[in-house]
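The values are calculated or read from the model by the stated rules, or taken from the named source; none is laboratory data. Note that the structure is a prediction, hence the values are computed from the model and not measured. Cβ placement follows ideal geometry from the backbone for every residue including glycine, while neighbour counts extend to all protein chains displayed. All accessible areas refer to the heavy atoms of the entire protein, side chains included, with ligands and DNA or RNA removed. Shrake-Rupley method; radii C 1.70, N 1.55, O 1.52, S 1.80 Å.
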Amino acid sequence: MTTSTAQPKFNYGGQAVIEGVMMRGSKALAVAVRDPHGQIVMHSEPVNAALYSGSISRIPFLRGLSMLWDALGLGMRSLMFSANIAASAIDQQPVARTVNPIGPAGSIESAPNEMKTSDIFNGPIGWGVMAISLTFALAIFLFLPKWIASWFEGSVTSLASAFIEGVVRLLLFIGYISLIGRSKEIGRVFGYHGAEHKTINAYEAGDDLTVENVQRHSLQHPRCGTAFLLTVVLLSIIFFAPLNGLPFGLGLILRVLLVPVVAMVAYEYIRFSAKHLSNPIMRALIAPNLAMQLLTTRQPDNSMVEVAITALKKVLDSEQIQPLNPERMIP
C-alpha cells in the first residue's frame with residue numbers, strides 16, 4: 001500500500017444508494033450506480049457552494065441545520081436516481097451524454113457509459129415517498145417511545161420517564177436496522193455503505209485509490225450518518241426530559257420542534273469528535289458510534305468498491321484535487 005503525506009482537504013460526505021454510492025464535495029456531488037447490465041452509470045450536479053464553503057459553513061449550529069437539510073434533499077435525489085436506474089435501465093441502451101455540467105472551471109463530463117433513464121421516482125411519486133417515509137419515522141421514533149413511556153409517568157420521576165423513553169427509542173432504532181438488514185436488497189445497500197467508508201478512509205490515509213488498497217481499510221468511519229443518528233437518539237434523552245410533565249399532545253409537538261435543535265448539537269458533536277480522534281477519551285466516547293456501524297455496513301465486493309472509487313474520483317475532479325497517482329485510479 002502506497003502512503004503519502006496528508007491529502008488536500010475538502011468538504012465531502014457520502015451515502016449508499018441502490019447498487020451505488022453518492023459522494024459530495026463542496027462544489028458538486030457525484031452518484032455512481034451499477035446498472036442491470038453491469039455498467040457504471042454516472043450522474044453529477046452542483047451543490048450550494050454557500051452552504052459547504054461559504055460563510056454559513058463556519059457558523060456553529062447554523063451550519064449543521066442548513067447542511068443537514070440540504071443533505072436530506074441531495075440524498076433523496078441520489079436515491080431516486082438509483083431507483084430510476086434499477087427500474088428502467090433494463091429496457092434502455094447505453095448512450096454517451098453530459099449530465100448537469102458545472103461549468104468551465106469545474107466541469108464534470110459524463111462517462112461514456114451514461115444512460116438515459118425515465119423519471120419514474122421523480123415528481124409527485126418521489127415527494128410522496130419522502131412524505132410517507134418522514135411520517136413513518138416520526139410515528140415510530142417519536143410518538144411510540146413517548147406513548148410507551150407515558151405508561152410509567154404516574155409511578156416514576158420525570159427523569160426516569162425520559163430515560164425509559166430514550167431506551168425504547170434506542171431499542172426501536174437498533175431493532176429496525178437489524179430487521180431491514182436481513183433483507184437481501186438492503187444487505188447490498190449496506191455493502192455499498194461499507195465501500196463508501198473504505199474508499200473515504202483510504203483517501204484520508206493518503207493511499208492510492210485502487211480496489212486492492214481500498215479493501216484493506218476499515219468499514220467504520222467517525223463521520224458516518226449512523227453515528228449521527230445514534231447521537232441524536234442519545235441526546236434526545238436530555239433534551240426531551242423537561243417535556244415529560246406536559247400533556248401528551250403538547251409534549252409531542254414540542255418534541256417535533258426540538259428535533260432540529262437536537263440535530264444541530266449532534267452535528268457539532270460528530271464534527272468535533274472527528275477532529276479529535278487522537279484523544280483517548282474521545283475514542284472511548286465514540287466507540288458506541290463505531291460499533292453501531294457494524295449493523296449498517298457489510299464487507300463490499302470488489303465491484304462495489306469500484307463504484308465508490310468512481311464516485312469519489314468525480315468529486316475530486318470537481319474540487320480540482322489531483323489523486324496521488326491518477327493513472328492508477330479507476331477510470
- prompt: What nm value, rounded to one decimal, do you get for the distance between LEU68 and LEU144 when each label is placed 7 Å out toward the C-beta?
  reply: 2.1
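Can you give the local net charge around LYS27? Use residues other than it whose beta-carbon is closer than 12 angstrom to its beta-carbon, Lys and Arg +1, Asp and Glu -1. Could the numbers behind the result be given before it?
Numbers: positive: ARG24, LYS314; negative: GLU45, ASP317, GLU319.
For residues surrounding LYS27, the net value is -1.
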Surface per residue (accessible, 1.4 Å probe) for segment 118-274, Å²: 48
- request: Compute the projected area of the convex hull of the Cα atoms of segment 123-256, averaged over all viewing directions, and report it in nm² to one decimal place.
  value: 11.0
field: Local electrostatic count, SER150, Cβ distance below 13 Å [Lys/Arg +1, Asp/Glu -1]
entry: 0
task: Amide H neighbours of VAL41 under 5 Å, at least 5 residues apart or on other chains, H built in the peptide plane: list them.
output: VAL33, ARG34, ASP35
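Can you give the FRET efficiency to the nearest 0.05 for HIS37 and SER133, using r as the Cβ-Cβ distance and R₀ = 30 Å?
Working: r = 29 Å, r/R0 = 0.97.
For HIS37 and SER133, the calculated efficiency is 0.55.
Largest first and in whole Å, give the semi-axes of segment 221-278's equivalent ellipsoid, each being the square root of 5 times a Cα gyration tensor eigenvalue. Let's see the in-between values first.
Working: eigenvalues 148, 17, 13 Å².
Whole-Å semi-axes of the equivalent ellipsoid: 27, 9, 8.
Taking R0 as 35 Å, what FRET efficiency do you get between ARG216 and ARG58 from their Cβ-Cβ distance, rounded to the nearest 0.05?
On the way: r = 35 Å, r/R0 = 0.99.
For R0 = 35 Å, the calculated efficiency reads 0.50.
Given the C-alpha atoms of segment 186-302, compute the convex hull and give its volume per residue in Å³. Write down the numbers at each step before the final one.
On the way: hull volume 13.5 nm³, N = 117.
Normalising the Cα hull of segment 186-302 by residue number yields 115 Å³.
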- request: Please arrange LYS146, LYS275 by accessible surface area, largest first, computed with a 1.4 Å probe and ligands excluded.
  value: LYS275, LYS146
- line: Expected vector for segment 158-171, Karplus 3J(HN,Hα) from phi with 6.51, -1.76, 1.60 and θ = phi - 60°, integer Hz, x for Gly and Pro, equals 4, 5, 5, 5, 5, 5, 4, 4, x, 5, 4, 5, 5, 5
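Looking at segment 158-259, which chymotrypsin sites (Phe, Trp or Tyr not before Pro) are in a loop (DSSP not H, G, I, E or B) and have at most 15 other Cβ atoms within 10 Å?
Here no loop site has a sparse enough neighbourhood.
For PHE163 and LEU246 in the same chain, what is the full-extension length gain: residue separation times 0.36 nm, less their Cα-Cα distance, in nm? Display every interim value, and only then the final one.
Details: separation 83, 0.36 × 83 = 29.88 nm, distance 1.60 nm.
Additional length available on full extension: 28.3 nm.
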- prompt: Considering amide H positions built from the backbone, and no H for Pro or chain starts, which residues 5 or more places from SER26, or on another chain, come under 5 Å of its amide H?
  reply: ASN11
query: Per-residue HN-Hα couplings for segment 226-239, Karplus 6.51 cos²θ - 1.76 cosθ + 1.60 at θ = phi - 60°, whole Hz, x for Gly and Pro?
result: 4, 5, 4, 5, 4, 4, 4, 4, 6, 5, 4, 4, 6, 6
- request: Enumerate the calculated ³J(HN,Hα) couplings along segment 193-204 in order (Karplus 6.51 cos²θ - 1.76 cosθ + 1.60, θ = phi - 60°), each rounded to whole Hz, writing x wherever the residue is Gly or Pro.
  value: 4, x, 5, 4, 4, 4, 5, 5, 4, 5, 5, 5
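Given a Förster radius of 22 Å and the C-beta distance between ARG283 and GLU204 as r, what FRET efficiency does 1/(1 + (r/R0)^6) yield to the nearest 0.05? If you can, show how the numbers build up before the last one.
On the way: r = 16 Å, r/R0 = 0.74.
With a Förster radius of 22 Å, E is 0.85.
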task: Could you look at segment 184-331 and say what percent of its accessible area is carbon and sulfur, using a 1.4 Å probe and all protein chains?
output: 66
field: Long-range HN-HN contacts of GLN220 with modeled amide H, under 5 Å
entry: none
